[in-house]
Every structure is written in structure tokens, then in C-alpha cells.
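A.B. asks: This structure is in C-alpha cells; I'll ask about it shortly.
The values are calculated or read from the model by the stated rules, or taken from the named source; none is laboratory data. All values reported here derive from a predicted model rather than from experimental measurement. Cβ placement follows ideal geometry from the backbone for every residue including glycine, while neighbour counts extend to all protein chains displayed. Please note that ligands, DNA and RNA were not included when accessible areas were found on the heavy atoms of the full protein model with its side chains. Shrake-Rupley method; radii C 1.70, N 1.55, O 1.52, S 1.80 Å.
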Amino acid sequence: MKRPTILVLGAGYGGLTTAVNLQKMVSGEEAEIILVNKNDYHYETTWLHEVGAGTIAPDAARYPIAKVINNNVRFVQASVEGIDVNERKVQTTAGEMTYDYLVLGLGFEGETFGIPGLDKYALSLANLNAARQIREHIEYQFASWSLDEVKDDSKLTIIVGGAGFTGIELLGELGNRVPELCKEFDIPQEKVRVLCVEAAPMVLPGFDPTLVEYAKTQLSKKGIEFSIGTPVVEATEEGVKIKKGEDEFEFVKAGTVIWAAGVRGNKLVETSGIESNRARIAVRKDMRAPGFDDVFVVGDCAFLLNEEAGRPYPPTAQIAMQQAVTIARNIKHLMNDEDTEEFVYDDKGAVCSLGHDDAIADAVGRKMAGKKASALKKIVDNRALYLVGGVGLTVKKGKFKFI
Ligand code: FAD
Ligand code: NAD
């Protein structure tokens, strides 16, 4: 009998964790496991705000996929260009692939809600190179301001759209980085403006209000300004238009606009033949796509309802890695003609960094702020490395500066 092919698309938290779990459970004789990813490395999406601000080097946030997979997995470096679940076919830049079991883990894209100009003029933390582009763009703006004879101070204005976790974590890093950049490029710091624009009436909507207040105070001390309850409604080459009231708008000129106001699933999901909403697939309890018994969805392409709370689980690395373990086990169950398991989420809470030296946390049953929360954030980051690559990877790439 032909051994089944398990095709895993994407080597982010979801896809790579699926592959490393499968390689422990399924031998090369039992199945062919193929992992497809655009790059030959995995990047830590949860560290991209640090890469974007320039507080860590891009290389620090990535490692070769070959370091964590064994001979049971065949890695193919290719871009997925199309998925057809009715024909069980996947088009990639390395050719067409077929499968017996598919794991769709192609991650997220920034959501711009159709707001004019954002796609063209705003930068984003969508992937490692996009984060690198932010770092280099800011440096370019600062360097050119220094050289300009007639100076336009708006070159030194950085706007961050969205004060969710991504926006706040980025602002924390920028708060630390801006003084360094000013020194590097001989810029008086009062010339620099970092403005966060948030549509909702508070930053980090839904998070513990005391911790939110702490975060806002700490970021304000680092010179970050907030415009709250004021959605961005347009971006142009010059900056952004902000809605300040019923018929009141303000245009803020800025050399850098970063959009961090939400995510959707990978657009390839929308043409895959599976029903989706904002490119996210409402998966069944065992993480399979509705109507397709051979297709699993992991991470930010999956939509999963928290039935107790009556709202979807937020797309996070934490949930993606847990889903991946269930998916690997369920593929093994299907290969053995056994029943699949339900995915049960073990929510360990959330930690939001405010730079490398500060954070807020509502996690492991405790609310924390400051150095303790910051140390916890590094432990969480290290744990993700450990779960994929064990002690060796954690020692090589982990964060061990706890103060
Ligand atoms: P990803 O990790 O994005 O991986 C997708 C993979 O697919 C990538 O390797 C990509 O290269 C590959 N890919 C994409 N398109 C193609 C293609 N066409 N062909 C081939 N390969 C492709 N969550 C937390 O739980 N804790 C945090 O602290 C946290 N911090 C975050 C900080 C930032 C700045 C951001 C942006 C997000 C953060 N998140 C955090 C959310 C978390 O990163 C995502 O939920 C998580 O990355 C989703 O995992 P994934 O496997 O679905 O996708
Ligand atoms: P999000 O959806 O959580 O937050 C986006 C923010 O942008 C919201 O506050 C929203 O009100 C605001 N917004 C939307 N439209 C706007 C507009 N027109 N103008 C101004 N503001 C606008 O998105 P995110 O912060 O990118 O997070 C995405 C996912 O990644 C979430 O699930 C989050 O939990 C996760 N994440 C987790 C961490 C962490 O655990 N430390 C860090 C980053 C991201």
C-alpha cells in the first residue's frame, strides 16, 4: 500500500510545531511528511516588533528550519501559490504537490479594512523582511533629516496605527530605540514624535484596566503620544488622516507610518475551496476544515470559537502551537483508523512587553507589571524555542538578559 503524504504548508509556529511533533510520531516508512515554506528559516513572529524598531538584529529572530527537523520530514523551500482542496492539489513555485493529509498554516496578513492608502503607504510587521524594512526606513528618515539643509521635522514623526498588543509592543521598543537613534544621527530628541492612533476608546481593548493604565503611563514617560478613540481613515504619501469627531479630521504629516491595527488569515485561504471569513476558516473541534476530512487548519488561518466567552479565541502563537500538537496526533489517529481528538485550549494568559526592560502580564493566574512581567515575557519566548528545538535551540537563540 502507498504510504500517505502529509503536506504541511508554512513553517510558522503552527506549521513547524506540527512538523516537529509529526516527526516524533510518524516514521518515514509510515508516511511521507513534506514541509513547505517560503524561506529556509523560521522567524519568531512574536519578536518582529523588536526587529522593526531595531532593538534586535533580524538574524536574532530567525533560525534554519533544517536545525529542527529530522530525516522523517522533507523540507521544500517554495512559495505556495494556490490551494485546491477539491482536487487535493497545491501549486507552489517548486511545482504541483498532492496530499493525503493537508495542514494549512500560512499565517496572517495585516488587515487594512479597506482604508484608502494604507496598503500603499503604510509599513507593517507582517513578516521578517517587512519588519526589517521598518527598521531601515526609520534609519533612512533619521539619516536624511540630519543631512538635509532645509529640515522637515515631519521626517522624524513615526505614526503607529493601532494600540492592540502589536502596536503597544512596538511602541515599547521604539521608546527605547529613539534615544539611541537620536544619538547615532545627531538629532535633538525633542524633534522626534512617536504617535499612536487608536480607534477604540482605550489602548489594549479588553485587557485589565490597571495594567493598561500602567502601560500607557510607562510609554508616555518614554515620550510616546496617544490619540485615542480616533480612527485612522486614510493614509497618503505624506502621512495619515485621523477622525477626531463627527465632522472633524486632522492630518498628521509623518515620515513613517506603521499599520498594526489587526490581522486576517493568508489570502490563499480565500481561493482554496473552503469557506472562510477574513481568510480564516471556522474549524471543527478536531481542527479539521468543515467538509474536508483530510484538511487541518492551524494558527492564524483558523477561526475557533471560545464557546464560554461567546467570542473567537484571539489568533496567537500560544494557541497555534497547542493546535499543532492536536493536529499531529489527529493525523496519526486517522492513519490508524482511530477517532480524532477534540482540541482543548489551555489558556496561559497574556504578557505584553513595553521594551526589553518592562512589561505587563495577566498570566498564570497573576497580574504583574515591570521587571517581573518582563522576565516572564522572556521565559515565554524561550519556551517557544524549547518546544520546537529543545535545549540546544533555546541556548543558542534564547533571551537570557533578565534585567
Ligand atoms: P506565522 O507564524 O505567521 O507563520 C506563517 C509561515 O508561513 C511563515 O513562516 C511564512 O513565511 C509562511 N508563509 C506565508 N505565506 C507563504 C506562502 N505563500 N508560501 C510559503 N510559505 C508561506 N502571539 C503570542 O501568543 N504571544 C506573543 O507574544 C505574540 N507576539 C506577537 C508580536 C507581534 C509583533 C506579532 C505580529 C504577533 C504576535 N503574536 C503573539 C501573534 C502570533 O505571532 C501569531 O498568532 C502566530 O505567528 C501565528 O502563527 P502561524 O503559524 O499561524 O503563522
Ligand atoms: P488587534 O486586533 O488585537 O488590535 C488592533 C487594534 O487596532 C485594536 O485596538 C483596534 O481598535 C485598532 N484599530 C482598528 N482599526 C483602526 C483604525 N482605523 N485606526 C486606529 N486603530 C484601529 O491586532 P494586533 O495587535 O495586531 O494583534 C493581532 C493578534 O496577535 C492578536 O490576537 C493579539 O493577541 C496577538 N498578539 C499577541 C501579543 C502578545 O501576546 N504579547 C503581541 C502581539 C500580537
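A.B. asks: Which one is nearest to the chain's Cα centre (by Cα) among residues in the range 304-324 that are more than 12 Å from ligand 2 (Cβ to nearest atom) and closer than 19 Å to Thr46 by Cα?
C.D. replies: Top of the filtered list is Met321.
A.B. asks: Taking Leu118 as the residue in question, decide whether it is more than 29 Å from Gly392 (Cβ to Cβ) and within 14 Å of ligand 1 (Cβ to nearest atom).
C.D. replies: no
A.B. asks: Quick check, is Val203 β-branched (Val, Ile, Thr), open to solvent by less than 60 Å² (accessible area, probe 1.4 Å) and part of a loop (DSSP other than H, G, I, E, B)?
C.D. replies: Yes; evaluated as a whole, the condition is true for this residue.
A.B. asks: If I filter the range 296-306 for residues that are aliphatic (A, V, I, L, M) and over 30 Å from Leu170 (Cβ atoms), do I get at least one hit?
C.D. replies: no
A.B. asks: Checking Leu170 against (1) open to solvent by less than 10 Å² (accessible area, probe 1.4 Å); (2) more than 16 Å from ligand 1 (Cβ to nearest atom), which test does it fail?
C.D. replies: For Leu170, the failing item is (2).
A.B. asks: Okay, moving on. Condition test on Ala302, is it open to solvent by less than 20 Å² (accessible area, probe 1.4 Å) and not assigned by TED's automatic domain parsing to the domain that holds Gly10?
C.D. replies: No.
A.B. asks: How about the range 1-87: which strands (runs of 3 or more DSSP E) wholly inside it have at least 3 residues that are more than 23 Å from the chain's Cα centre (by Cα)?
C.D. replies: On the way: elements: 5-9, 32-37, 41-43, 62-64, 73-77, 80-84.
The qualifying strands (runs of 3 or more DSSP E) are 32-37.
A.B. asks: A follow-up question, please. Just to be sure before I move on: is Ala369 without any contact (Cβ under 8 Å) to a residue 40 or more places away in the chain, of a type in the set (A, V, I, L, M, F, W, C) and outside the structural domain of Trp47 (by TED's automatic domain parsing) in the structure I sent? So that I can check it myself, show each step before the final result.
C.D. replies: Working: without any contact (Cβ under 8 Å) to a residue 40 or more places away in the chain: no; of a type in the set (A, V, I, L, M, F, W, C): yes; outside the structural domain of Trp47 (by TED's automatic domain parsing): yes.
No, not satisfied.
A.B. asks: Which is open to solvent by 50 Å² or more (accessible area, probe 1.4 Å), out of contact with any helix residue (DSSP H, G or I) (no Cβ under 7 Å at 6 or more places or on another chain) and part of a loop (DSSP other than H, G, I, E, B), of Asp293, Asp339?
C.D. replies: Details: Asp339 fails: out of contact with any helix residue (DSSP H, G or I) (no Cβ under 7 Å at 6 or more places or on another chain).
Answer to the check: Asp293.
A.B. asks: Of everything in the range 82-116, what is free of Cβ contacts under 8 Å to residues at least 40 places away in the same chain and either more than 16 Å from ligand 2 (Cβ to nearest atom) or crowded, with 18+ Cβ neighbours inside 10 Å (or both)? Give them in sequence order. Before you say what the answer is, go through the steps one by one.
C.D. replies: The first filter runs over the range 82-116 and keeps only residues free of Cβ contacts under 8 Å to residues at least 40 places away in the same chain, leaving 87, 89, 91, 93, 95-96, 114.
Residues satisfying the conditions are Glu87, Lys89, Gln91, Thr93, Gly95, Glu96.
A.B. asks: Then there is this: Kindly state which strands (runs of 3 or more DSSP E) lie completely within the range 222-278 and contain at least 1 residues that are touching a residue at least 60 places away in the same chain (Cβ under 8 Å) and among the hydroxyl-bearing types (Ser, Thr, Tyr).
C.D. replies: Of the strands (runs of 3 or more DSSP E) lying wholly inside the range 222-278, those with at least 1 residues that are touching a residue at least 60 places away in the same chain (Cβ under 8 Å) and among the hydroxyl-bearing types (Ser, Thr, Tyr) span 256-259.
A.B. asks: Go through the range 191-219 residue by residue and tally those that are of a type in the set (A, V, I, L, M, F, W, C) and away from ligand 1 (no atom under 16 Å from the Cβ).
C.D. replies: So the first thing to find is which residues in the range 191-219 are of a type in the set (A, V, I, L, M, F, W, C), and the list is 192, 194-197, 199-200, 202-204, 207, 211-212, 215, 219.
Still in the list and also away from ligand 1 (no atom under 16 Å from the Cβ): 192, 194-195, 197, 199-200, 202, 212.
Qualifying residue count, the range 191-219: 8.
A.B. asks: Further, regarding this structure: Can you tell me which of (1) out of contact with any helix residue (DSSP H, G or I) (no Cβ under 6 Å at 6 or more places or on another chain); (2) over 22 Å from Val257 (Cβ atoms) is the one Glu180 doesn't meet?
C.D. replies: (2)
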